[in-house]
Every structure is written in C-alpha cells, then in structure tokens.
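Working notes for the structure below.
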Amino acid sequence: MKIHHIGYVVKSIEEYKRNLIIDKIEKEVYDETQKANLALIKAQNIFIELIEPKSKESFTYNFLQKGGGYHHLCYETSKEKAEELIRNKRMVKLLDWVYAPLLEGEVCFAYNRNREIVEFVCLKK
C-alpha cells in the first residue's frame with residue numbers, strides 16, 4: 001500500500017495552482033458524484049488533488065466555508081485490504097465504493113480515530 005495523493009479543498013483551482021511550485025495539471029474533470037471540479041497535479045512520486053466544490057450539495061462545500069485547505073490522505077490499495085483496515089482500525093465509512101473519474105478507479109472514504117478523512121483508491125490496472 002502506498003500514498004497516492006493528498007487532497008486539498010480550494011475555492012478556485014486556477015488561483016490555487018498559481019502559487020504552487022509544480023503547477024502542471026495532469027488531468028482535470030467535473031465529478032458529478034462530488035459536485036466539484038477536480039484536478040490532479042503530479043509531484044514526483046505523489047499526486048496532489050485539488051477539489052473545487054461547485055454547489056452547496058458538494059461533499060466538501062461546508063469544509064470550504066470553514067476555510068478549506070488540507071482535506072484527506074489517499075492510499076492506493078485493493079478493496080479487500082481497505083475493508084480490512086477500516087474494520088481493524090475501527091474507522092467509520094463515510095462513502096462506500098464509487099467510481100472516481102479523476103482517478104479512473106473506485107474509491108471509498110472513511111473517518112479514522114484521529115478525526116481525519118482517509119480515502120482508499122483501487123485503480124484499474
């Protein structure tokens with residue numbers, strides 16, 4: 001299992017990336033499930049995901065209203081390993097497995113005992 005990306009909730013992807021050292025967007029999509037624009041920036045062996053909520057129905061809208069910023073850490077793993085970790089670490093699943101167009105794989109989100117959001121991604125190989 002490895003860290004795939006770090007997620008940040010931002011008001012504007014374009015404004016935010018202007019201040020990054022590495023600002024080349026690898027991929028950008030609108031995610032209907034999240035109701036947000038998403039962008040992926042590659043920084044050597046890890047990605048940075050920028051999440052720009054587009055409506056009050058977005059999962060991250062309230063987080064942005066509180067200032068936004070660092071939101072989650074995402075691990076690349078199998079569904080089986082993720083489910084085992086969620087169970088063994090007594091995490092609370094926030095969103096069951098759904099297709100993520102930005103990552104071209106399935107993701108689920110959980111809340112750990114440190115009060116942090118963790119995302120797991122199972123990529124199609």
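Using only protein heavy atoms and a 1.4 Å probe, report how much of residue 118 is accessible, in Å² to the nearest 10.
10 Å²
Could you compute the longest span of the chain free of GluC sites (Glu not before Pro) located in DSSP loops and having at most 14 other Cβ atoms within 10 Å, not counting the site residues? Mind dumping the intermediate values first?
Details: sites that count: 32, 57, 104, 116.
With GluC sites (Glu not before Pro) excluded where exposed in loops, the chain gives 58-103 as its longest stretch.
Give me the dipole magnitude in Debye, nearest 20, for the stretch 1-85 about the Cα centre, with unit charges on the beta carbon: positive for Lys and Arg, negative for Asp and Glu. Mind showing how you got there, number by number?
On the way: 13 positive and 14 negative charges, 52 e Å.
Roughly 240 debye for the stretch 1-85.
In the chain, if the dipole is taken from +1 on Lys/Arg beta carbons and -1 on Asp/Glu beta carbons about the Cα centre, which of 65, 91, 101 is farthest to the positive end?
Towards the positive end, the residue furthest out is 91.
For residue 11, give me every one of the aspartates and glutamates with a C-alpha distance below 20 angstrom, ignoring sequence neighbours fewer than eight places off in its own chain.
By straight Cα distance, residue 11 reaches 23, 26, 28, 31, 32, 49, 52, 57.
Can you flag which of 56/81; 2/79; 35/93; 17/56 are past 25 Å Cα-Cα? Don't jump to the answer; show the numbers that get you there.
Numbers: 56/81 33 Å; 2/79 14 Å; 35/93 20 Å; 17/56 23 Å.
Exceeds cut-off: 56/81.
Between residue 66 and residue 87, what is the label-to-label distance in nm when each label sits 7 Å out along the Cα-to-Cβ direction?
Placing both labels 7 Å along Cα→Cβ, they lie 3.0 nm apart.
Put a dot 7 Å past each Cα toward the Cβ at residue 20 and residue 115; how far apart are the dots in nm?
It works out to 2.8 nm between the two label points.
For the stretch 62-79, what does the Karplus curve 6.51 cos²θ - 1.76 cosθ + 1.60, with θ = phi - 60°, yield as ³J(HN,Hα) per residue in whole Hz, taken in order and with x for Gly and Pro?
Working through the residues one at a time gives 5, 4, 5, 5, 8, x, x, x, 3, 10, 7, 10, 10, 10, 8, 6, 7, 4 Hz.
Once phi is turned into θ = phi - 60°, what whole-Hz ³J(HN,Hα) does the Karplus curve with 6.51, -1.76 and 1.60 give for every residue of the stretch 28-38, x standing for Gly and Pro?
Each residue of the stretch 28-38 in turn: 9, 8, 9, 9, 4, 5, 8, 6, 8, 7, 10 Hz.
If one computes the Cα centroid of the stretch 21-38 and of the stretch 84-104, what distance in Å separates the two points?
After rounding, the separation between the Cα centres reads 20 Å.
The values are calculated or read from the model by the stated rules, or taken from the named source; none is laboratory data. For clarity, every value in this text was computed on a predicted model and none was experimentally measured. All Cβ positions, glycine included, derive from the backbone under ideal geometry; neighbour counts span all protein chains shown. In case anyone asks, the SASA skips ligands and DNA or RNA and just uses the protein heavy atoms, side chains included. Shrake-Rupley method; radii C 1.70, N 1.55, O 1.52, S 1.80 Å.
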